[in-house]
1. At least 1 residues that are acidic (Asp, Glu) and either exposed (fewer than 10 other Cβ atoms within 10 Å of the Cβ) or modelled with pLDDT under 85 (or both) in each: list the helices (runs of 4 or more DSSP H) lying fully within segment 1-109 that qualify.
2. Are there any pairs, at least 6 apart or on different chains, whose C-beta atoms fall under 9 Å, with the first in segment 34-52 and over 14 Å from Ala65 (Cβ atoms) and the second among the polar types (S, T, N, Q) and in a loop (DSSP other than H, G, I, E, B), and if so, which?
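The values are calculated or read from the model by the stated rules, or taken from the named source; none is laboratory data. Computed from a predicted structure; not experimentally measured. Ideal geometry is used to build each Cβ from the backbone, glycine not excepted, and the neighbour counts take in all protein chains shown.
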Amino acid sequence: MPRGDKSKYTDKQERKADHIAESYEHRGVSEKEAERRAWATVNKDDGGGKKSGSGRGEHTGHPAAHRGGRIGGNVAAHRSAAARSASAKKAAATRKRNAEHRELPDLAPIRRKR
């Protein structure tokens, strides 16, 4: 298979690459670079194109699509204590405001008849 030949990829891999490329283009990456990154991601996730033989449907490890949560904690670690505190206060106020809207009606007047 010559370099760059996409004939040995499954339909699902091609759809996946198209979706990833569209996402990159939406974020301002050039079309050529977006396609290059998309196919690199598909190769990383699936180990390349179709392969002959049975037993090829094994787990591929940690595909890029499942790694997003690992970087979330790093952002909070670099914020100042004041910024984290302000964020926590805002979240608490939002929870309080939402709780007031969701209060359940008093069910005491409703009694079951026996």
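1. Where helices (runs of 4 or more DSSP H) fall fully within segment 1-109 and carry at least 1 residues being acidic (Asp, Glu) and either exposed (fewer than 10 other Cβ atoms within 10 Å of the Cβ) or modelled with pLDDT under 85 (or both), they are 11-26, 31-46, 81-101.
2. Cβ pairs passing all conditions: Gly47/Thr60; Gly49/Ser7; Gly49/Thr10; Lys50/Thr10.
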